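See below for the structure under consideration.
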Amino acid sequence: PSRPGGDAGGRAYDPAMVDIAAPAPRPPLAPPAGQPPKTGRRSPVDVVPRQLPAAASHFVGRAFELNALSRRLGRSRNGDDGVAISVIGGTAGVGKTTLAVTWAHQVAAQFPDGQLYVNLRGYGPESNPMSPADALRGFLEAFAIPAAQIPSGQDSLAGLYRSLLSGRRVLVVLDNARDAAQVRPLLPGDAGCAVVITSRTLLTGLVASDGASPLTLDVLSDADARELLARRLGAARLAEEPDAAAELAVVCARLPLALAIAAARAAARPGERLTELASELDDAVARLDALDTGDPDTSIRAVFSWSYQDLDPDAGRMFWLLALHPGPDLAAPAAASLAAVSPPQAGRLLRELTRAALLTEHAPGRFAFHDLLRAYATELVRTVESSGERRAAGHRILDHYLHTAHTAATLSQLNREPLALRPPRPGALPEHLGDEESGLAWFQAEDQILRALITQAVVDGFDTHAWQLTCTLAPFVQRSGRWHQHDWNAVLLDALAAAERQGDISGQSRLHWELGLIRTRLGRYADAHSHLSRALDLYRQVGSEPGQASSHLGLALMFEQQGHEAEAVRHAELALDLYRAAGHRPGLAEALNAAGWYCTKLGDHQRALAFCQQALDLYRELGSRPGEAGTLDSLGYAHHRLGDHPQAITCYRGALALLKKLGDHDAEAMVLTHLGDAHHAAGDAEAARDSWSEALAILEDNYDPGAGRVRARLRGLDAEPEGSMDVSASLGEVRSAG
């Protein structure tokens, strides 16, 4: 038998989960026509090949995949399909061979006429794939066909092979295939047979034309990765250092081959703590050296190289440039800017990398690779590309995201102040977004990447990109309710430091304002006052009336949160005067809404309605749905305080209808809270409970500290007298601060 391809991985599987009838006994194979068996040697009459390699001793996981293979076999047995052909694809070291061989052993009894196995050497150290003709000769020899009766041509070989298997039940395992052309001549023609193929490429041609069922293998789950280590090292050793065991799974990217190598190293050094091994593997590039076994069949760098060396030059360049992208994944337009190629060319190259199992398309149009492949790509890019070329690629990707984010913010009405962006670097191709919904969807998809890019921009010295990206992303972070997640405060501080290094007053003022708002929402009022006052001073230095006005609105929010409503009204009216003097209509609408909101908190509800109605009319003229929603919330509150609960409920529902379209979950939770308050005041306890429960679900999902106040409302729903629960926060005040 040929040597297995070398993948590792998998967990216990229960064959009883799949109901496949045992095959009926078959008559023995007949010798070729006119050729009686020769005396003294075995013949095709009595030879049943058993070529499967030994099953893996430490197989874990893969129950879903094992059952998928058996279901495909079951459909063929039931006459629903022809020959059961399954293609197991995936990256190097993910366990394709182990899965195929394990399953083959589990179902071997259903193939009484034999099991054939061949390593087609599609990828390996020799880079010398086996020809279909050689594989066919090996199969015929396995059935003891005399050499003199084995034809020379590939078509004749395939014809004899299929004739031999006709009417028989034979399992064929084609390991480590290179492409569909290598495999197709080896496919039996009889539905009683089954074929399992492993390959690093997707072999979509077999799926399209031969009815093959694709099965893409991913890395192990956290639990299965731990179990694989436990089986190799013993559960007791892992139990002594559970954190180190978890870290080993992470640094090995839960890749079965890498886990097996790490476990072998640990087993060879029983006195060494797992913490030391995890530390040794911690550096991403040095990790490849640590996972070098000296055997080209099993060393991580070597098995990756077999896939890389098969790429065309453009795809190879795309692969190593992807290491410069900091996010967990990327879309084709970003890859185009990274490599300075057209979007169609980028799409073609990404598809080639996916076919080679060097990337995965984990979601439609989103591509990623695991950390060990990233480490390999990083090693390549540092070797092949000069530092200047790497920096140019980094500049292009930053320009791509900054300019696209600016477009998305404009479409989504999230631009607080216009930014003066430099033109994108040649080769950078920002995306063209069509409308408000596409802009918000883009922010949603790229949120993690934008945060990672800001950090990378700071590290790489792209200070202008760092603060401009932060200021562009900030309104989306506020709208999506993620301002308290992922240490957004630290991102803002890094961006502020970058703007200070650049001496950019505009950037510094914007970031002090953002920090003031975050500190206010966190209840850190002394810090908030310091940042907002600094923003006001900087805006005065550059003579920006809109900037000064926004600072006053921030201060108004801060004072109102502390119960100083009169001071809040004063700052809102200062903002109103500044926006009016500047002819800044969006700001004027914000200030009108803010003044109205704070008037309601002072109890001047009629004045509040006048301010807010002006704001609503102006927002509708401007076509600002976020502003309209915020003002409807303020109007609802004023009507609530005037005792007009039906009108309050109408306003709140109008605000919610707009916010649901905008995907503004943070604001949606706030308005739902207010709607519950209005229902409660109107005596409708069940409607109040429904609204507060829906608000709580959103707040808890976003880990928002405001969830506690809503829980208190729900707990006190039946105990507290009507009207005792006040509104502690408002969409109007947050909107007016922005």
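The values are calculated or read from the model by the stated rules, or taken from the named source; none is laboratory data. Here the structure is a predicted model, which is why all the values come from computation and not from measurement. Note that each Cβ is placed from the backbone with ideal geometry, even for glycine, and that neighbours are counted across all protein chains shown. Areas reflect the complete protein model, heavy atoms only, side chains present, ligands, DNA and RNA absent. Shrake-Rupley method; radii C 1.70, N 1.55, O 1.52, S 1.80 Å.
Assuming Leu592 fulfils every condition listed in (1) within 24 Å of Gln562 (Cβ to Cβ); (2) touching a residue at least 40 places away in the same chain (Cβ under 8 Å) apart from one, which condition is it?
Result: Leu592 passes all but (2).
Every residue in the range 189-211 that is in contact with a Ser or Thr (Cβ under 8 Å, 6 or more places away or on another chain) and surrounded by fewer than 24 Cβ atoms within 10 Å (Cβ to Cβ), please.
Let us first name the residues in the range 189-211 that are in contact with a Ser or Thr (Cβ under 8 Å, 6 or more places away or on another chain), namely 189-191, 194-198, 200, 202, 207.
If the condition is that a residue be in contact with a Ser or Thr (Cβ under 8 Å, 6 or more places away or on another chain) and surrounded by fewer than 24 Cβ atoms within 10 Å (Cβ to Cβ), then Gly189, Asp190, Ala191, Val195, Leu202, Val207 are the ones that fit.
Among the residues of the range 241-252, which ones are surrounded by 13 or more Cβ atoms within 10 Å (Cβ to Cβ) and either charged (D, E, K, R) or assigned to a helix (DSSP H, G or I) (or both)? Steps first, please.
Filtering the range 241-252 down to residues surrounded by 13 or more Cβ atoms within 10 Å (Cβ to Cβ) leaves 241, 244-252.
Correct list: Glu241, Ala244, Ala245, Ala246, Glu247, Leu248, Ala249, Val250, Val251.
Could you tell me which residue of the range 682-698 is surrounded by the most Cβ atoms within 10 Å (Cβ to Cβ), considering only residues that are touching a Gly at 6+ places or on another chain (Cβ under 6 Å) and closer than 11 Å to Leu717 by Cα? Don't jump to the end; show me each part of the working.
Step one: list which residues in the range 682-698 are touching a Gly at 6+ places or on another chain (Cβ under 6 Å), which gives 688, 691-692.
This time we only want the ones that are closer than 11 Å to Leu717 by Cα, so: 688, 692.
On the way: Ala688: 22, Trp692: 26.
If we take residues in the range 682-698 being touching a Gly at 6+ places or on another chain (Cβ under 6 Å) and closer than 11 Å to Leu717 by Cα, then Trp692 is surrounded by the most Cβ atoms within 10 Å (Cβ to Cβ).
Which residue pairs have Cβ atoms closer than 8 Å, lie 6 or more positions apart in sequence or on different chains, and pair a first residue in the range 613-638 that is without any contact (Cβ under 8 Å) to a residue 40 or more places away in the chain with a second residue that is small (Gly, Ala, Ser) and open to solvent by 10 Å² or more (accessible area, probe 1.4 Å)?
Filtered contacts from the range 613-638: Leu632/Gly654.
Specify the residue that is most open to solvent (accessible area, probe 1.4 Å); the eligible residues are those in the range 513-544 that are modelled with pLDDT of 95 or more and basic (Lys, Arg).
Residue satisfying both the conditions and the ranking: Arg540.
Which one of these is crowded, with 20+ Cβ neighbours inside 10 Å, over 22 Å from the mean Cα position of the chain (by Cα) and either under 19 Å from Gly90 (Cβ atoms) or acidic (Asp, Glu) (or both): Leu291, Leu255? Steps first, please.
On the way: Leu255 fails: over 22 Å from the mean Cα position of the chain (by Cα).
When all the criteria are applied, what remains is Leu291.
Restricting to the range 294-304, count the residues that are open to solvent by less than 20 Å² (accessible area, probe 1.4 Å) and either touching a His at 6+ places or on another chain (Cβ under 6 Å) or in a helix (DSSP H, G or I) (or both).
The qualifying residues number 3.
Given the criterion out of contact with any Cys (no Cβ under 6 Å at 6 or more places or on another chain) and closer than 20 Å to Gly122 by Cβ, identify the matching residue among Leu186, Leu164, Leu140. Walk me through it before giving the result.
Numbers: Leu164 fails: closer than 20 Å to Gly122 by Cβ; Leu140 fails: closer than 20 Å to Gly122 by Cβ.
Just a single option satisfies the conditions, and that option is Leu186.
Applying the selection to the range 269-288, what residues are surrounded by fewer than 18 Cβ atoms within 10 Å (Cβ to Cβ) and of a type outside the set (D, E, K, R)?
First, the residues of the range 269-288 that are surrounded by fewer than 18 Cβ atoms within 10 Å (Cβ to Cβ): 269-273, 275-276, 279-280, 282-286.
Pro270, Gly271, Thr275, Ser279, Ala284, Val285, Ala286, listed by residue number.
Could you please give the count of residues in the range 571-590 that are under 14 Å from Leu555 (Cβ atoms), in contact with a Ser or Thr (Cβ under 8 Å, 6 or more places away or on another chain) and surrounded by fewer than 24 Cβ atoms within 10 Å (Cβ to Cβ)?
0
Against the definition (over 23 Å from Leu414 (Cβ atoms) and buried (at least 23 other Cβ atoms within 10 Å of the Cβ)), how does Ala568 come out, yes or no?
Details: over 23 Å from Leu414 (Cβ atoms): yes; buried (at least 23 other Cβ atoms within 10 Å of the Cβ): yes.
Answer is yes for this residue.
Looking only at the range 144-172, which residues are modelled with pLDDT under 90, closer than 14 Å to Pro132 by Cβ and assigned to a helix (DSSP H, G or I)?
Within the range 144-172, no residue meets the criteria.
Scan the range 373-403 residue by residue and report those that are of a type in the set (Ser, Thr, Tyr) and out of contact with any Leu (no Cβ under 7 Å at 6 or more places or on another chain). I'd like the intermediate steps shown before the answer.
Going through the range 373-403, the residues of a type in the set (Ser, Thr, Tyr) turn out to be 376, 378, 383, 386-387, 401.
Scanning the range 373-403 gives Thr378, Thr383, Ser386, Ser387.
State whether one or more residues within the range 259-279 are modelled with pLDDT under 90, closer than 23 Å to Tyr123 by Cα and of a type outside the set (A, V, I, L, M, F, W, C).
Checked the range 259-279: no residue is modelled with pLDDT under 90, closer than 23 Å to Tyr123 by Cα and of a type outside the set (A, V, I, L, M, F, W, C).
Determine which member of the set Thr470, Thr455 is part of a helix (DSSP H, G or I) and crowded, with 22+ Cβ neighbours inside 10 Å. Let's see the steps before the verdict.
On the way: Thr455 fails: crowded, with 22+ Cβ neighbours inside 10 Å.
Exactly one residue qualifies, and that residue is Thr470.
Sort out which residues of the range 591-638 are surrounded by fewer than 24 Cβ atoms within 10 Å (Cβ to Cβ), of a type in the set (S, T, N, Q) and in contact with a helix residue (DSSP H, G or I) (Cβ under 8 Å, 6 or more places away or on another chain), and write them in order of number.
Gln613, Gln614, Ser624
Would you please name the residue that is farthest from the chain's Cα centre (by Cα), looking only at residues in the range 413-451 that are under 25 Å from Glu590 (Cα atoms), buried (at least 21 other Cβ atoms within 10 Å of the Cβ) and free of Cβ contacts under 8 Å to residues at least 60 places away in the same chain?
If we take residues in the range 413-451 being under 25 Å from Glu590 (Cα atoms), buried (at least 21 other Cβ atoms within 10 Å of the Cβ) and free of Cβ contacts under 8 Å to residues at least 60 places away in the same chain, then Gly439 is farthest from the chain's Cα centre (by Cα).
Inspect the range 655-671 for any residue being among the acidic types (Asp, Glu), without any contact (Cβ under 8 Å) to a residue 24 or more places away in the chain and open to solvent by 10 Å² or more (accessible area, probe 1.4 Å) and give the result as yes or no. Can you show your working first?
Filtering the range 655-671 down to residues among the acidic types (Asp, Glu) leaves 664, 666, 668.
Still in the list and also without any contact (Cβ under 8 Å) to a residue 24 or more places away in the chain: none.
Looking for residues that are among the acidic types (Asp, Glu), without any contact (Cβ under 8 Å) to a residue 24 or more places away in the chain and open to solvent by 10 Å² or more (accessible area, probe 1.4 Å), one finds none in the range 655-671, hence no.
Which ranges mark the helices (runs of 4 or more DSSP H) fully within the range 311-401 that have 3 or more residues being at pLDDT below 90? Steps first, answer last, please.
Details: elements: 313-321, 332-339, 343-355, 371-384.
Hits in the range 311-401: 371-384.
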